[in-house]
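Asker: Have a look at this one before I ask anything.
The values are calculated or read from the model by the stated rules, or taken from the named source; none is laboratory data. What you are looking at is a predicted structure, and each value in this text was computed from that prediction instead of being measured. Reconstructed Cβ throughout: ideal geometry from the backbone, glycine too, with neighbour counts over all protein chains shown. We work out accessible area using only protein heavy atoms, side chains counted, and drop any ligands, DNA or RNA first. Shrake-Rupley method; radii C 1.70, N 1.55, O 1.52, S 1.80 Å.
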Amino acid sequence: MNTSKTNQLKKVLTPLHLWALGVGLVISGEYFGWNYGWNVAGTLGFLVATCLVAVLYITFIFSFTELTTAIPHAGGPFAFAYKAFGPNGGLVAGYASCVEFVLAPPAIALALGSYLHFLLPEIPVQSTAIACYVIFSIINFIGIKESAVFNLIVTLLAVGELLLFMGIVSPAFKMDNFTHHGMPFGWGGVFEALPFAVWLFLGIEGLAMVAEEVKNPKQAIPKGYGYALATLILLALGVMILSGGIGDWTLLKAIDYPLPEAISQVLGRDNHWTKLFASIGLFGLIASFHSLITSYSRQLFALSRSGYLPEKLSELHPKFSTPHWALLVGGTLGLLALLTGTTAQVIIISALGAVTMYAISMLSLFRLHQQADYQPLYRAPFYPVFPLIALVLSLLCLVAIIYYNPLMALLFFSGLLLTFLGFKWFGNLEKTSILTREEY
């Protein structure tokens, strides 16, 4: 594998870029997908699931920040697990991360198509989704700094739009609407809704994939993570609670455009504010879609550079210094998922990859603390309490997702098994490696 300076990434990102990337990675979760949780848990049941998952992410992100600053590697969780458990640990974490970040964009692409179809019914959903892959892969191709500036603009617009949404619908909010039949399936529904609660925050850990491109990571990464997570929790709770209290929430529980539909309940479908919101609502989806493309391309790049994937994927374009082959392969895999799965299915299997990776990352943190040469730049607060809470809640989510979605779980773990067998027969895990700190 090639670890020469010719395939090192540029350090150009600031805390503001990181906040925008962290929020941008996730913010589409506030626009769609979470409402499928209402379908299995009701409003109150899903609120409980969301609060539980918010605790998971608070404890996880502050623990994960320690790993990100200690090992600022484009592979993120894969590099952490490699340092802690060796090549096999790196393989499991790398597989889980790839599933999460490669399969989240197809769900967002379908939502982009649905939002545009809401405005212009004559435009097919899938055609828009495919076009999005082409356009935003090209934007990522031209460079990380240019890509980060674009992401900052669309993220600011997306946050502003959610605040506008809350301002428009809040006068119509009634607590009776939100609590009506709010927990129809009891605690079973709460646990079944966990992957959709994870979707509200899934992807923020993708900041780790650009750690090699951050100026002054010791200060910038904790700030970027902290501000992004606080922003997302406030937006998630505001959007979810207000949407459920303005009318009949059951009309929103199984569609890919819940926010335009919610505004139409207040103002009418033909109101100019409804149409305007659906139009600019595309920015929130674009922010996440674009940011996730950045993350999966870096994950594939890092896995290739370390010997887990073909060396071609770690080549950087001679002019733009971006992993163009990783962008192409990741986009192709996403398009295949786009053509074969539904939004809910893609969200569930992406969440499976996420919580698996969270658990491995926390186990890696505990293991690394036992190594004499481990010297993090930032310490997780309340260690070992925070990472232990994050580990327990990650495993709880993992068990719940497997129990309620056995077919998706079978696909996920079958893929992991095939990956291991592929290395046993055609590869060599002992030839894999990651960069040392001096090479970052």
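Asker: In the chain, if the dipole is taken from +1 on Lys/Arg beta carbons and -1 on Asp/Glu beta carbons about the Cα centre, which of P222, T50, L282 is farthest to the positive end?
Answerer: P222
Asker: So if R0 is 25 Å, what FRET efficiency would T340 and I402 give, r being the distance between their Cβ atoms, rounded to the nearest 0.05?
Answerer: 0.75
Asker: Packing-wise, with mean Cβ within 10 Å as the measure, how do 61-70, 95-104, 284-293 rank, highest first?
Answerer: The most tightly packed comes first, giving 284-293, 95-104, 61-70.
Asker: Between C51 and N88, what length comes free when the chain is fully extended (0.36 nm per residue of separation minus the Cα-Cα distance, one decimal in nm)?
Answerer: Extending this stretch completely gives an extra 10.0 nm.
Asker: Please identify, among T343, T294, T250, the residue showing maximal mean-square fluctuation in a Gaussian network model of the chain using a 10 angstrom Cα cutoff.
Answerer: Checking each option, the largest mean-square fluctuation is seen for T250.
Asker: First obtain the Kirkwood hydrodynamic radius of the chain from its Cα pairs, then insert it into the Stokes-Einstein equation at 20 °C and 1.002 mPa s, and state the resulting D in µm² per second as a whole number.
Answerer: Calculated translational D: 100 µm²/s.
Asker: Keeping the other protein chains in place, figure out the carbon and sulfur percent of the accessible area of the chain, with a 1.4 Å probe.
Answerer: 68
Asker: Determine by what factor the alpha-carbon radius of gyration of region 24-174 differs from 2.2 N^0.38 Å, reporting the quotient.
Answerer: Values: Rg = 18.7 Å, N = 151, 2.2 N^0.38 = 14.8 Å.
Expressed relative to 2.2 N^0.38 Å, the Cα Rg reads 1.26.
Asker: Given that compact globular proteins tend to follow 2.2 N^0.38 Å, what is the ratio of the alpha-carbon Rg of region 155-307 to that value?
Answerer: Scaled against compact globular proteins, the figure is 1.23.
Asker: Peptides 127-135, 264-272: what's the order by average Cβ count within 10 Å, highest mean first?
Answerer: 127-135, 264-272
Asker: Another question, then. Quick one, could you list the DSSP H helices from the chain stretching 20 Å or more along their long axis (Cα atoms) with average Kyte-Doolittle hydropathy of 0.5 or above?
Answerer: Once both thresholds are applied, what remains is 36-70, 87-119, 125-141, 144-169, 217-244, 282-305, 324-340, 343-368, 385-404, 406-426.
Asker: Additional query: Show that you can apply the helix-only estimate: for the chain, add -39,500 (n - 2.57) for every DSSP H stretch of four or more residues, divide by all residues, and state [θ] at 222 nm to the nearest 500.
Answerer: -23500 deg cm²/dmol
Asker: Using a 10 angstrom cutoff on alpha carbons, build the Gaussian network for the chain and name the most mobile of Y225, Y31, Y404.
Answerer: Y404
Asker: Next up: Note down the magnitude of the dipole of region 153-276 about its Cα centre, charges +1 on Lys and Arg C-beta and -1 on Asp and Glu C-beta and zero elsewhere, to the nearest 20 debye.
Answerer: Here the size comes out at about 300 debye.
Asker: Which order, highest average first, do 80-90, 363-373 follow once you tally other Cβ atoms within 10 Å for each residue and take the mean per peptide? Working shown, then result.
Answerer: On the way: 80-90: 22.3, 363-373: 15.2.
Those peptides, ordered most packed to least, come out 80-90, 363-373.
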